[in-house]
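Worksheet: one structure, shown below.
The values are calculated or read from the model by the stated rules, or taken from the named source; none is laboratory data. Everything numeric here is computed off the predicted structure, so don't read it as measured data. Heads up, the Cβs are rebuilt from the backbone with ideal geometry, glycines too, and the neighbour counts pull from every protein chain shown. Ligands, DNA and RNA are excluded from the accessible area calculation, which covers all protein heavy atoms including side chains. Shrake-Rupley method; radii C 1.70, N 1.55, O 1.52, S 1.80 Å.
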Amino acid sequence: MNGEHKITSGHRARTALVYLRQSTLVQVREHTESTMRQYALADVAVSLGWAPGDVEVIDRDLGLSGTSAAHRAGFRELMSRVCLGEVGAVIGLEVSRLARSNADLARLAEMARLTGTLLIDSDGVYDLSDFNDWLVLGLKSTMSQAELHVMAGRLQAAKLAAAERGDLRAPLPVGLVYDDEGEVVIDPDAEVSAAVADVFSCFAAAGSAYGVVAAFAGRKFPQRAYGGAWAGQLRWGPLTHHRVLQVLKNPAYAGAYVHGRHVTRKRVDADGNVRTSTAEVPRAEWKVLIKDHHPGYVTWDEYLAVEARLAANWTASGARTVREGSALCQGIIYCGSCGGPMAANYQGGGRANYECRSRRDGKKKDSCRGIATTALDDAVARVLLDALTPEQVALALAAADQVAGQHQRASRAAELAVERARYDADRAERAFSQVEPENRLVARTLEARWEARLATLAEAEQALESATAALPPLPDRDTIARTAADLPALWHAPTTTARDRKRLLRTLIADVTLMPEADRAKARIGIRWHAGTADQLIIDRPRPSGIPAPTPSPAAELIRRLGPSAGNAELVAVLAGHGYVTGAGRPFDVKAVQWVRHVYKIPVPTPVAADEVSVKDAAARLGCSTGVVYYWIETGQLEARRSGNRLCIRWTPETEAGCRDRIAASGHLNPEARRTGPRKTPRCPAEQPRMSAPSGSI
Ligand SMILES: [Zn+2]
């Protein structure tokens with residue numbers, strides 16, 4: 001070997017390390033020759049004079065890329081042992097490729113120079129303390145780096161040129177395949193293409209990726225395996241949300257050829273390791289985009305619409321999707337007072353309220369109001385149905401056709417599964433019938449396989465049966481046209497789900513706002529249409545929950561008319577005389593009358609007669625506190641009549657004069673005490689001197 005004389009007994013006394021590296025697992029699997037040659041390096045070490053026991057092989061880095069040492073435990077071990085000075089020589093197939101990064105190799109070379117370690121490859125022996133060897137190794141390292149660069153550059157340029165022509169073959173998503181001429185076509189396997197097409201139609205119907213997942217519950221979705229033992233094979237598995245997004249976002253399904261949709265980015269993490277991640281590139285920055293490159297499942301415009309729909313569903317950016325639940329305006333209703341969104345709050349028993357979400361955050365304003373969902377929804381639905389025109393009915397008909405198509409597809413998928421199962425079973429049967437009877441072992445295996453196939457077929461047939469049975473029969477187009485003409489009936493039909501209503505609502509109405517309204521019995525609703533116009537309507541709020549049926553209006557009218565002058569007992573008698581009953585069918589009692597007064601805000605008649613005043617009025621007229629007046633009444637200085645729980649004072653000029661005299665006599669010395677004397681307090685400083693003096697009423 002070249003430079004063998006550089007190996008001294010000192011080197012041979014230390015360990016010879018054979019370092020093995022193979023970038024990828026594919027290289028390890030396919031370039032077995034290279035791996036064998038690398039392992040043979042141990043024999044080279046022995047032939048160079050090392051004792052077999054002193055030769056060690058480090059092969060922990062097989063299958064790991066050499067771009068950086070961070071994840072290569074083998075290279076790190078090599079470095080540490082060289083640093084410890086216990087290594088006489090490092091042997092590799094090509095020393096300049098020990099490490100693919102120049103920095104790593106430079107570090108190794110520096111350490112080898114300091115510790116007098118030799119580097120050996122098929123070209124010869126390098127003693128790094130020799131300037132000549134050091135220079136040669138440095139040159140080789142630089143050359144290999146340059147070679148990598150040039151190679152990568154050529155490959156990339158050729159790749160990009162092919163991509164620009166749309167000729168660069170990339171793995172196709174499931175549902176698309178290359179035909180014999182290398183053209184991209186829709187997978188001829190009808191079961192696969194139906195599944196992919198259904199993802200798009202389900203998304204059109206459900207409006208969300210989660211909706212597609214739900215629609216595929218119990219149904220499997222194909223996936224093409226790339227690499228590994230299953231390479232190229234079709235695997236059927238559950239459809240996940242991630243997969244749905246992958247399908248919906250893949251422009252290949254829109255017939256477009258795209259190159260550069262993803263980019264790999266490198267970053268250095270906190271530990272100083274270089275991490276590589278893949279990121280999506282915005283559409284405007286795709287390197288190559290060729291529309292109508294091959295037949296697709298959707299048009300380019302539909303692809304863009306799906307993209308917009310997905311962006312609108314992106315709740316992290318504030319969008320609110322259609323949810324289950326009966327509240328029609330869920331997701332598009334806002335509080336006109338604080339500007340925040342309102343949420344539907346379900347309270348059981350089918351009742352729900354829209355409530356300002358600011359309440360949760362403590363940002364609720366005094367003018368923020370909630371409202372029963374039914375009250376607001378009914379009003380909005382009325383406005384919506386009024387606004388629908390014949391053109392929109394035509395649109396609805398088109399939607400109905402789409403539903404019919406989907407209806408067929410749902411059972412079509414099951415039919416295709418049965419067809420496939422039948423084909424598999426037939427094939428298994430043929431294989432079984434062709435085997436010679438003497439070959440019992442094989443026959444037994446094939447029979448078991450045939451039986452398994454038959455079981456699968458039975459399952460598929462069962463699935464088809466239930467799929468057909470589960471689908472309600474579709475009305476014909478004429479029936480739909482007739483029904484569509486009567487929109488309110490269609491709207492309220494039990495077959496129309498809350499989801500359908502919400503989606504219809506959202507196609508026309510952008511948002512609904514519950515505006516501030518001073519009258520608590522009313523609600524002011526603002527409606528903003530997608531067309532750009534806005535409407536405002538005022539509705540009566542429903543009464544609070546838990547209240548029996550409304551009072552019949554003639555009785556309420558009577559109470560409204562007589563209420564301000566007649567007492568409750570009197571009203572009960574009058575109502576009984578008219579034969580009026582409450583909404584619940586019972587005769588009116590005082591409580592019922594009190595409730596009607598509360599609802600219609602009818603004041604109770606004042607018990608104070610024309611020549612009388614209340615304690616409050618008397619105190620106001622005299623400019624003293626009510627405590628003083630109460631004191632006079634309690635001590636008999638002022639005459640008062642009790643009516644219910646109120647005191648009525650007969651008020652004449654004499655009465656007033658008497659009161660003023662008393663105030664004057666008490667000297668007005670302590671106005672503070674007069675003002676603060678609470679009701680029924682025996683202590684009344686202004687009047688203390690008069691306590692002992694007997695005094696009749698004035
Ligand atoms: Zn609010």
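Residue check: is residue 164 among the charged types (D, E, K, R), open to solvent by 60 Å² or more (accessible area, probe 1.4 Å), part of a helix (DSSP H, G or I) and in contact (Cβ under 8 Å) with a residue 60 or more places away in the chain? Outline the logic, then answer.
Details: among the charged types (D, E, K, R): yes; open to solvent by 60 Å² or more (accessible area, probe 1.4 Å): yes; part of a helix (DSSP H, G or I): yes; in contact (Cβ under 8 Å) with a residue 60 or more places away in the chain: yes.
The answer is yes for residue 164.
Sort out which residues of the stretch 188-241 are β-branched (Val, Ile, Thr) and in contact with a Phe, Trp or Tyr (Cβ under 8 Å, 6 or more places away or on another chain), and write them in order of number. Before the answer, list the steps.
Going through the stretch 188-241, the residues β-branched (Val, Ile, Thr) turn out to be 192, 196, 199, 212-213, 240.
Correct list: 196, 199, 212.
How about the stretch 297-310: which of its residues are assigned to a loop (DSSP other than H, G, I, E, B) and free of Cβ contacts under 8 Å to residues at least 60 places away in the same chain?
Let us first name the residues in the stretch 297-310 that are assigned to a loop (DSSP other than H, G, I, E, B), namely 297-299.
Of everything in the stretch 297-310, just one residue is assigned to a loop (DSSP other than H, G, I, E, B) and free of Cβ contacts under 8 Å to residues at least 60 places away in the same chain, namely 299.
Pick out the one residue from 147, 110 that is within 22 Å of residue 7 (Cα to Cα) and loosely packed, with under 15 Cβ neighbours inside 10 Å. Full working, then the answer.
Numbers: 147 fails: within 22 Å of residue 7 (Cα to Cα).
None of the other options fit; the residue is 110.
Among 554, 516, which is farther than 16 Å from residue 385 by Cα and modelled with pLDDT under 80?
On inspection, the qualifying residue turns out to be 554.
If we scan the stretch 607-614, do we find a residue that is surrounded by 16 or more Cβ atoms within 10 Å (Cβ to Cβ) and modelled with pLDDT under 80? Before the answer, list the steps.
So the first thing to find is which residues in the stretch 607-614 are surrounded by 16 or more Cβ atoms within 10 Å (Cβ to Cβ), and the list is 607-608, 612-614.
If we keep only those that are modelled with pLDDT under 80 too, we end up with 607-608.
Yes, some residue in the stretch 607-614 is surrounded by 16 or more Cβ atoms within 10 Å (Cβ to Cβ) and modelled with pLDDT under 80.
Counting only residues that are in contact (Cβ under 8 Å) with a residue 24 or more places away in the chain and outside any loop (DSSP other than H, G, I, E, B), how many does the stretch 72-107 have?
Number satisfying all stated conditions: 20.
How many residues are over 28 Å from residue 461 (Cβ atoms) and in a loop (DSSP other than H, G, I, E, B) if we restrict to the stretch 207-224?
2
Return yes or no: is residue 96 over 24 Å from residue 272 (Cβ atoms), in contact with a strand residue (DSSP E or B) (Cβ under 9 Å, 6 or more places away or on another chain) and at pLDDT below 85? Lay out the reasoning, then the answer.
On the way: over 24 Å from residue 272 (Cβ atoms): yes; in contact with a strand residue (DSSP E or B) (Cβ under 9 Å, 6 or more places away or on another chain): yes; at pLDDT below 85: yes.
Against the criterion (over 24 Å from residue 272 (Cβ atoms), in contact with a strand residue (DSSP E or B) (Cβ under 9 Å, 6 or more places away or on another chain) and at pLDDT below 85), residue 96 qualifies.
Among all residue pairs at least 6 apart or on different chains, which show Cβ distances below 8 Å where the first residue, located in the stretch 328-356, is away from the ligand (no atom under 16 Å from the Cβ) and the second is of a type in the set (Phe, Trp, Tyr)?
352/346
Residue pairs, Cβ under 8 Å, 6 or more apart or interchain, first in the stretch 512-531 and farther than 15 Å from residue 329 by Cβ, second part of a loop (DSSP other than H, G, I, E, B) and open to solvent by less than 70 Å² (accessible area, probe 1.4 Å). List them.
516/336; 516/337; 516/367; 516/369; 517/369; 520/541; 521/541; 522/541
If we keep just the residues of the stretch 628-665 that are in a helix (DSSP H, G or I) and closer than 30 Å to residue 568 by Cβ, which is most open to solvent (accessible area, probe 1.4 Å)? Before the answer, list the steps.
Taking the stretch 628-665 first, the residues in a helix (DSSP H, G or I) are 628-634, 653-665.
Remaining after also requiring closer than 30 Å to residue 568 by Cβ: 629-630, 633-634.
Values: 629: 0, 630: 40, 633: 33, 634: 105 Å².
Only one residue tops the list, namely 634.
Being more than 16 Å from the ligand (Cβ to nearest atom), open to solvent by 30 Å² or more (accessible area, probe 1.4 Å), modelled with pLDDT of 70 or more and charged (D, E, K, R) is true for just one of 366, 378, 401. Which residue is that? Walk me through how you get there before you give the answer.
Working: 366 fails: more than 16 Å from the ligand (Cβ to nearest atom); 401 fails: modelled with pLDDT of 70 or more.
Result of the check over 366, 378, 401: 378.
Please count how many residues of the stretch 282-327 are modelled with pLDDT of 90 or more and of a type in the set (Val, Ile, Thr).
Residues that pass the stated criteria total 4.
Within the stretch 177-207, track down each residue that is within 23 Å of the chain's Cα centre (by Cα), open to solvent by less than 40 Å² (accessible area, probe 1.4 Å) and either more than 24 Å from residue 503 (Cβ to Cβ) or modelled with pLDDT of 85 or more (or both). Walk me through how you get there before you give the answer.
Of the residues in the stretch 177-207, the ones within 23 Å of the chain's Cα centre (by Cα) are 198-207.
Within this subset, residues satisfying the condition of being open to solvent by less than 40 Å² (accessible area, probe 1.4 Å) are 198-203, 205-207.
Those that are within 23 Å of the chain's Cα centre (by Cα), open to solvent by less than 40 Å² (accessible area, probe 1.4 Å) and either more than 24 Å from residue 503 (Cβ to Cβ) or modelled with pLDDT of 85 or more (or both): 198, 199, 200, 201, 202, 203.
Looking at the structure I just gave you, is residue 145 part of a helix (DSSP H, G or I), in contact with a Ser or Thr (Cβ under 9 Å, 6 or more places away or on another chain) and farther than 15 Å from residue 294 by Cα?
Numbers: part of a helix (DSSP H, G or I): yes; in contact with a Ser or Thr (Cβ under 9 Å, 6 or more places away or on another chain): yes; farther than 15 Å from residue 294 by Cα: yes.
Criteria met by residue 145.
So in the stretch 562-594, with the set limited to residues that are modelled with pLDDT of 80 or more and closer than 23 Å to residue 519 by Cα, which one is nearest to the chain's Cα centre (by Cα)?
594
Every residue in the stretch 228-260 that is within 23 Å of residue 166 (Cα to Cα) and either assigned to a helix (DSSP H, G or I) or touching a residue at least 60 places away in the same chain (Cβ under 8 Å) (or both), please. It would help to see each step written out before you state the result.
Residues of the stretch 228-260 within 23 Å of residue 166 (Cα to Cα): 232, 246-260.
246, 247, 248, 249, 250, 251, 252, 253, 254, 257, 259, 260, listed by residue number.
Six or more apart or on different chains, Cβ atoms under 8 Å: show the pairs whose first residue is in the stretch 637-654 and under 15 Å from residue 617 (Cβ atoms) and whose second is among the polar types (S, T, N, Q) and modelled with pLDDT under 80.
Hits for this filter: 638/697.
Please determine whether any residue of the stretch 113-126 is within 58 Å of the chain's Cα centre (by Cα), open to solvent by 70 Å² or more (accessible area, probe 1.4 Å), over 21 Å from residue 62 (Cα atoms) and without any contact (Cβ under 8 Å) to a residue 60 or more places away in the chain.
no
For the stretch 275-292, which positions are in contact (Cβ under 8 Å) with a residue 40 or more places away in the chain and open to solvent by less than 60 Å² (accessible area, probe 1.4 Å)? Walk me through it before giving the result.
Step one: of the stretch 275-292, the residues in contact (Cβ under 8 Å) with a residue 40 or more places away in the chain are 287-288, 290.
288, 290, listed by residue number.
Would you check if there is a residue in the stretch 263-278 being within 30 Å of residue 313 (Cα to Cα), outside any strand (DSSP E or B) and in contact with a strand residue (DSSP E or B) (Cβ under 7 Å, 6 or more places away or on another chain)?
No, there is no match, as no residue in the stretch 263-278 is within 30 Å of residue 313 (Cα to Cα), outside any strand (DSSP E or B) and in contact with a strand residue (DSSP E or B) (Cβ under 7 Å, 6 or more places away or on another chain).
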